[in-house]
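Notes to accompany the following structure.
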Amino acid sequence: MLMAFNSSHLSVFFTFLFFLLAFVIPHSSSAADHFLKLPLLHKNHYPPSSPESLSADNRRLSTLFSAIGKRSHAQLPLHSAASFGSGQYLVSLHLGTPPQRLLLVADTGSDLTWVSCSACRSNCTPRAAVSFFPRQSATFSPHHCFSPACTLIPHPRKTPHCNHTRLHSTCRYEYSYSDGSVTSGFFSHETTAFNTSAGKLLKFRPLSFGCGFSNSGPSVSGPSFNGANGVMGLGRGPISFSSQLGRQFGHKFSYCLMDYTLSPPPTSYLLIGGGSAAAKAKLSYTPLLQNPLSPTFYYIGIENVIVNGTKLPISPSVWAIDESGNGGTVVDSGTTLTFLAEPAYKKILAVFERLVKLPTLSEPIPGFDLCLNVSNGGGSPGTSLPQLSFQLAGGSVFSPPPRNYFIDAAEDVKCLALQPVASAAGFSVIGNLMQQGYTFEFDKDRARLGFTRRGCAVP
């Protein structure tokens, strides 16, 4: 469907172009051969309790679903989907001059990178909820409210966008979450430093981010925030962390989520750039689809579901994105379990119940429809569990091992780590448990998602 390119769309286009030219370091061919390799930390104990995991995922999905179609006017919108529960991966970032170390949630479901800030200047008492002290940095600067970058973020409803009586009016942002959580503050820019794959220290300026002086609610503070100081937005929009660094390293990033059931858990990595280890491996690819009403998310197309080599009779309409922006399938780093459209989930569940030979629990664990007693066949339970595969658009097939979709819910108990999406306003989500043991490469220039087990899976 063609979209009329009127004056408001032209305004958005030139704002986006100005942002790329004015706020991103020019690309150089030598830099594109290098990449950033940032460790990902998984701070929760495994396995998470069933209520904890499901509650956190359901909060996140509520926020993801609420982001669809929230466009009040023609601009490049930012929709944050961060809801921090049992399955989050944290990445370390150094911000400011001198650098201050932060731990941020790596989130493919949002664009804005934001940190919790304090206005304290000296003799500051560190607090767990506060990560960044802008007055102690020589390079911190808020964006002006009239700058093109300020048009790319949501603004507080109760205060004017710009104070026309003040020469130095700052750009204010406000993110509201479906559970009532709010983060607000100044949209700013700062210097950040990394060690590149070439062994050189790279200072990147300006990195645009939200400096949140007011953060309240379970999605942005408290125990469920899990020790994080903010969010690293890795979405598809121009303001995301990966997009801002894209001109320096190429518009792609990848991550390898190692199996955190192992003890001690191996280190997972987030890699920014095209010269990463993923480029050396043979990847399978599927196109990244566009949802105009939800441009932040990474949508893929599922064409068929296969169990033990047999294609299930699921209508293609189950996976389609409709005219209202509902439906489709999103690959998400911040959701633990995998959520599938209810018609597909019911078909998979029925086949699994028929094929599984292990005894089921007389009283299933709340929140799970299929739980197995593996005490007798626990020596090699994977041989008794069905093989689930997804045939994707473009011809690739994603066939994760059974440990990616059966969770250890209790001692000698495995539960099917799939959940139904009953809401017509929702979509399917491939969670990070299903992604374990794979390298996923998000190539925004070529609009494709690559995946491989080489270099990531544990033998």
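Consider Val429 against the criteria (1) among the β-branched types (Val, Ile, Thr); (2) part of a strand (DSSP E or B); (3) surrounded by fewer than 20 Cβ atoms within 10 Å (Cβ to Cβ): it satisfies all of them except one. Which criterion is unmet?
Just one mismatch for Val429, condition (3).
Taking segment 415-426, which residues are assigned to a strand (DSSP E or B) and open to solvent by 10 Å² or more (accessible area, probe 1.4 Å)? Even if it seems obvious, please write down each step before you answer.
Taking segment 415-426 and keeping what is assigned to a strand (DSSP E or B), we get 415-416, 418-421.
Listed by number, the residues that qualify are Gln419, Pro420, Val421.
Does Glu353 satisfy the condition of being open to solvent by 20 Å² or more (accessible area, probe 1.4 Å), acidic (Asp, Glu) and closer than 30 Å to Asn291 by Cα?
Working: open to solvent by 20 Å² or more (accessible area, probe 1.4 Å): yes; acidic (Asp, Glu): yes; closer than 30 Å to Asn291 by Cα: no.
No, not satisfied.
Can you tell me which of Gly437, Gly455, Gly450 is among the small types (Gly, Ala, Ser), in a loop (DSSP other than H, G, I, E, B), within 22 Å of Ala106 (Cα to Cα) and in contact with a strand residue (DSSP E or B) (Cβ under 8 Å, 6 or more places away or on another chain)?
On the way: Gly437 fails: in contact with a strand residue (DSSP E or B) (Cβ under 8 Å, 6 or more places away or on another chain); Gly450 fails: in a loop (DSSP other than H, G, I, E, B).
One residue alone meets the criteria, Gly455.
Residues being in contact with a Phe, Trp or Tyr (Cβ under 9 Å, 6 or more places away or on another chain) and open to solvent by 10 Å² or more (accessible area, probe 1.4 Å): count how many of those fall in segment 301-318.
At the first step, the residues of segment 301-318 found to be in contact with a Phe, Trp or Tyr (Cβ under 9 Å, 6 or more places away or on another chain) are 301-307.
If we keep only those that are open to solvent by 10 Å² or more (accessible area, probe 1.4 Å) as well, we get 301-304, 306.
The number of residues fulfilling the criteria is 5.
Looking only at residues in segment 366-380 that are farther than 24 Å from Asn304 by Cα and surrounded by 18 or more Cβ atoms within 10 Å (Cβ to Cβ), which one is modelled with the lowest pLDDT?
The qualifying residue modelled with the lowest pLDDT is Val374.
Which one is most open to solvent (accessible area, probe 1.4 Å) among residues in segment 152-176 that are at pLDDT 75 or above and among the charged types (D, E, K, R)?
Arg157
Mind checking which residues of segment 132-148 are among the small types (Gly, Ala, Ser) and open to solvent by 30 Å² or more (accessible area, probe 1.4 Å)? Walk me through it before giving the result.
The initial filter retains those residues of segment 132-148 that are among the small types (Gly, Ala, Ser), namely 137-138, 141, 147.
If the condition is that a residue be among the small types (Gly, Ala, Ser) and open to solvent by 30 Å² or more (accessible area, probe 1.4 Å), then Ala138, Ser141 are the ones that fit.
How many residues, within segment 319-343, are without any contact (Cβ under 8 Å) to a residue 12 or more places away in the chain and open to solvent by 60 Å² or more (accessible area, probe 1.4 Å)? Lay out the reasoning, then the answer.
Keep residues of segment 319-343 that are without any contact (Cβ under 8 Å) to a residue 12 or more places away in the chain, which gives 320, 322-323.
This time we only want the ones that are open to solvent by 60 Å² or more (accessible area, probe 1.4 Å), so: 322-323.
Adding up the residues that qualify gives 2.
The values are calculated or read from the model by the stated rules, or taken from the named source; none is laboratory data. Because the structure is predicted, anything quoted here is derived from the model rather than measured. Neighbour counts run over all protein chains shown; Cβ positions are idealised from the backbone, glycine included. Note: accessible area is taken over every heavy atom of the protein model, side chains too, but ligands, DNA and RNA are not part of it. Shrake-Rupley method; radii C 1.70, N 1.55, O 1.52, S 1.80 Å.
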